[in-house]
Structure formats: structure tokens, C-alpha cells
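Everything below concerns the one structure shown next.
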Amino acid sequence: MSTSAETDDRERPKRRPRGRPKGRQVDPAALVEVEALLGDRPRRRDLLIEHLHALQDRFGHLSAPHVRALAEVMRLSEAEVFEVASFYHHFDLVKEGEAAPAPLTLRVCQSLPCMLAGADELARRLEGFIDPARVRLVRAPCMGRCDTAPAAMLGRNALSPATPDAVTAALAANAVAPEIAPYVDLDAYRAGGGYLVLDSCRAGARTPEAVIAKLSAAGLRGLGGAGFPAGRKWQVVAGYPAPRYVTVNADEGEPGTFKDRHYLETDPHRVLEGALVAAWAVAASRVYIYLRDEYPAIREILAAEIARLDAAGITADCPIELRRGAGAYVCGEESAMIESIEGKRGLPRNRPPYIAEAGLFGRPTLNHNVETLYWVRDIVDRGPDWFAGLGRGGHKGLRSYSVSGRVREPGVKQAPAGIGLSALIAEHCGGMADGHRLMAFLPGGASGGIFPASMADLPLDFGTFEPHGGFVGSHAVIVLSDRDDLRAVARNLVAFFASESCGQCTPCRVGTAKLAALIEGETWDAGLLAELSAVMRDASICGLGQAAPNPVLSVLKILGDEQ
């Protein structure tokens, strides 16, 4: 039997040798590699995500020694860096003792338009022949290529439509870099009158008040989903004390939405000029563009063209910074996007205060999506009556409808605000796909609800679908036919929301998972689903949890007694 003295000595913690620091130590070789990679780049906290991208681009993943070394050079705690690196889908964080992923990543889109185009079968076929030691296959959320579904990405190379043959050819050629199609560059844009509106504003030929009045008279609204009047938003932000910022939300992750990609791939300076005019009008000192990581070709385009603007002196008074997302749908919510720009996890903020008062770095912030800024130049130049008169049935302006699903000619369709789905399909999409009859449609992407063909003549604009439990949002129209299973559609959409919940609030984190479980079978408990949906709508912090039940409630309403 041991004595009490022996027991006390055995249970007493061992002393650490003098001079030995606490915690895991930074690997000297990793520290040298991180310092060399960052070079003279600033070590600011808001650049953490940019530096994580640099590490992953260089080494193919994020190793624990590199992440620890990055924390050291940025003067951050390891916890701060690891929590950010583990939050975003596109960061491949390898923990201590884990094996590194395959050197190549093949992402196959699982969003609703891709599901309709056979993405599940594509992924299964690819699993049968790719070499897992060389290629890691990931079933991924929407990639913004719904018009050419199914979509996949090999490295940074978008394959759309993706087929086994296309993937095989890309692998054989090691084609992992983005392909950049022809676009309107700075020279071509200026030759067509580009930046004359901005020049006239800066020269004093126009006043901020006059420009804001034109936007208001034109009826321009935020076209990223909320539909808040643009002119009113500019007035509000300008009313708060400087410094102020402008943020451009190019993180369209809503399944069915791809209009931002279209405009930034083809005519990026129209968006950049709109952003600079907005910055001038509210006296903002800097513009930040937050671009989703699924658009690597656009990132190269914008980096090159912003550099040309810098060289031309156009951004001397208002620099433009390009920030890269890392695969998080929730960062499409404006406050989560701002958190991400600041180098943090993309967690939506509680409101108030709204970002117009306390946004990026705590300062008043004007946030717009890509399409809203795309129209600024023409409205200021041509006048509000021109834009307002393009609508239909009393609605003002044009809308860019991202149309996918069961139509002959999917794509971005510029059509009058207020057009109905039937007219949109007939006049702009070449009709329904062969052998398909319209059964239902989503007017606003995954979160906007599902509506029957009997409502296909309602105006596709703000305020129309809200009384029916949905909304038009970013005008992402997904067309369903009599060959589609509405229950399967709802399961796909709810699975997306469950995987994309940031986990901050319990109603969304637990609610989306519970919602997915409740609709697995063919028989749904309508009362229980309604009760859960009410809790999610009332108690979730942001629109993700609030809108996640919409597909389920819509299907219940459409199928009626069949449930």
C-alpha cells in the first residue's frame, strides 16, 4: 500500500522545465515558408482569409504547422486562425495526424438545376474511374453555372456542362486553370463612353443629390434579393459621419442564381463604374468587392482591370479592394459578408445597428449587389424615364432573370420587370424543353418558394409572391415540369440549407437538420412541419433559417391532400 505522501507526489503535475514556453510550438521550417510566401504583404487582421488562400494555393491544403505559423506572424491566437480556417468549405484544413487530401479536387455541383440535369448520376460515374490518390471528388453546393448544368470544377477550371468525357480530357491535360472568355476591357469600355458619367460627377457637373434623385425616380432597387430602393439607401448612408465604405456583394450562392457571373465575365467595368459613382455620391473612401471563390476566372479579370484603373488614376481618390470568399453561402447575407471581409467567420450580425450605420470596420457602409450597380451608369446618363419605362404592367425597369431548369434556352434574360413566367418562357427562353410540360417553378431561387403552374402569369417582381409565402428575391427562376418529383426537389433544397447553416443560432442549426429528417420519407407530418417552420422563421437570426422551410411549405400546399 502506498503512503499518502507517495500518492500526493504521483498526482501532483510535473513542473515544466525553466524557459520552455507553453502550448504547441511553431515549427521553424513552417515559419520560414509562411514568411517567404507573404513577403511584404501586410499582416493586418482583415487579410487573414486572403493569407489562408495564399497558403492553400501554394501547398494544396492548410497544414496545422502552417496555420500555427500564420498565427505567429499575424500576432493572432491559434484559436482565431483555426476557427476561421475550419469555417469555410473551400479551406482544406489538415489537423495533426491527418493525411493531406489528394492534390486535385473535383467538385461536382449538387444544386437543384444540376440535380435536374443528372448531377447525381454524373458523380457516381466519376467515382468509378477517377484515381482517389490523385483526385478527391467533392459533392459541392451551387457553382453559379445553372444555365449549363450539370457543372463541375477541376481545380479552378469550370467544366460546364460536365460530362465524364469532359472530366477525363481535363484530367489528361491537367487543365486546372480557369478559362477566360473575351470581355469588355478598359480600353473597349472607355471607347464606348465608359467612365464619362463618373468623370462628370467628379468634375462637379452633377451633384450627389441629383444623381440620387434619378435613381429614385427610375425605381432602381437592390437586386440581390431585398429590393430596398437604391436611392433611399444612398441617402441613409450619406447621412452618417465619415469615413464611409462601399461593399459590392458578388457572392451569389443562391441555387439558380448566376446573373452576377454573367455581368462580371462580360462587362465588368460597367459594375466598377457604378460602384465608383456610388462611392462618390456617399463620399466613401474605399470600395470592397467580395467575390465568391467559385468564380476564379472573374477574380483574374477583376484583378487585372482594377490594376489598370489604378494605373490610369481612376481609383486614386477611392481605391478598390478585391476580396475572395471561401465557400460559404451565408456570406451572401450582407453582415456575414462584412464579417468575412474583416477576416472572420461569416456569422450574420444581430440588428440593429444596420450596416448603413455601423458596417465594415464599424463604419457606415453602402452595400449593393452586382446587378444594381450595373444599371447606375445608364440611369444617370439616359435618365430615369428611360429605365422606368422598360417595365411592364406598372412595374419599373428591367430585371436580369437567371433562368434554368426545363426550358429550351436557359440563361440570363433581360426582361421587363413585371413579366410573368409564361411570357418569360415563351418570349425569352424558346419555350419549355421538348417533352416537358410546366408543373411548377421557383421565382426566387432555393429560398423563394415553389409555386404551381396556375400562378405562372403573376408578375415576377417584388411584392407579388409575398402574400403567397414566397418572394422573387434575386430573380433566380428555376422551371420544373411534369417529369419532376416535388418531394425530391424539396429534399434537395433543404439539404442545401442544412449544409450551409453557419451554426450560430439554434433554430437554424438544429431546425434545418430536423427539417431534412422529417421529409426523408414519402409521408410528411404537415402539422409538425408547420410548427417547426414557425419556430425557424420567428427565431432565426438571418434569412437562411427564416427561408429554409419555404420549399417544404410550398410543396405541402401544392400537393394538398396527397400528403
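The values are calculated or read from the model by the stated rules, or taken from the named source; none is laboratory data. Just so it is clear, the model here is predicted, and its values are computed rather than measured. Cβ atoms come from the backbone with ideal geometry, glycine included; neighbour counts cover every protein chain shown. Please note that ligands, DNA and RNA were not included when accessible areas were found on the heavy atoms of the full protein model with its side chains. Shrake-Rupley method; radii C 1.70, N 1.55, O 1.52, S 1.80 Å.
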- Message: I need a count of the residues in segment 494-506 that are more than 19 Å from the chain's Cα centre (by Cα) and buried (at least 20 other Cβ atoms within 10 Å of the Cβ).
- Response: 1
- Query: Residues Met439, Met455, Met432: which one is in contact with a Lys or Arg (Cβ under 7 Å, 6 or more places away or on another chain) and open to solvent by 30 Å² or more (accessible area, probe 1.4 Å)?
  - Reply: Met432
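Please state which one of Ile314, Ile298 is open to solvent by less than 10 Å² (accessible area, probe 1.4 Å) and touching a residue at least 12 places away in the same chain (Cβ under 8 Å).
Working: Ile314 fails: open to solvent by less than 10 Å² (accessible area, probe 1.4 Å).
After applying the criteria, what remains is Ile298.
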- Message: For segment 93-115, give me the residue count where each residue is open to solvent by 20 Å² or more (accessible area, probe 1.4 Å), outside any helix (DSSP H, G or I) and within 26 Å of Gly253 (Cα to Cα).
- Response: 7
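Taking Arg509 as the residue in question, decide whether it is in contact with a Ser or Thr (Cβ under 9 Å, 6 or more places away or on another chain), at pLDDT 95 or above and surrounded by fewer than 22 Cβ atoms within 10 Å (Cβ to Cβ). So that I can check it myself, show each step before the final result.
Numbers: in contact with a Ser or Thr (Cβ under 9 Å, 6 or more places away or on another chain): yes; at pLDDT 95 or above: yes; surrounded by fewer than 22 Cβ atoms within 10 Å (Cβ to Cβ): yes.
The answer is yes for Arg509.
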- Query: For Glu357, all conditions in the list (1) of a type outside the set (Phe, Trp, Tyr); (2) part of a loop (DSSP other than H, G, I, E, B); (3) farther than 16 Å from Ile478 by Cα; (4) open to solvent by less than 30 Å² (accessible area, probe 1.4 Å) hold save one; what is the number of the exception?
  - Reply: (4)
- Item | Pairs, first modelled with pLDDT of 95 or more in segment 534-563, second among the aromatic types (Phe, Trp, Tyr) and open to solvent by less than 10 Å² (accessible area, probe 1.4 Å), C-beta under 6 Å, six or more apart | Ala548/Phe497
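Within segment 481-493, is there a residue that is assigned to a strand (DSSP E or B) and either among the aliphatic types (A, V, I, L, M) or surrounded by 17 or more Cβ atoms within 10 Å (Cβ to Cβ) (or both)? Before the answer, list the steps.
Kept after step one, since they are assigned to a strand (DSSP E or B), are these residues of segment 481-493: 481.
Filter again for either among the aliphatic types (A, V, I, L, M) or surrounded by 17 or more Cβ atoms within 10 Å (Cβ to Cβ) (or both), leaving 481.
For segment 481-493, residues assigned to a strand (DSSP E or B) and either among the aliphatic types (A, V, I, L, M) or surrounded by 17 or more Cβ atoms within 10 Å (Cβ to Cβ) (or both): present.
How many residues does segment 378-436 hold that are among the acidic types (Asp, Glu) and in contact with a Leu (Cβ under 9 Å, 6 or more places away or on another chain)? Walk me through how you get there before you give the answer.
Within segment 378-436, the first condition is being among the acidic types (Asp, Glu), and the residues that meet it are 378, 381, 385, 409, 427, 434.
If we keep only those that are in contact with a Leu (Cβ under 9 Å, 6 or more places away or on another chain) as well, we get 381.
Residues that pass the stated criteria total 1.
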- Would you confirm whether any residue within segment 383-406 is buried (at least 19 other Cβ atoms within 10 Å of the Cβ) and over 25 Å from Phe471 (Cα atoms)? yes
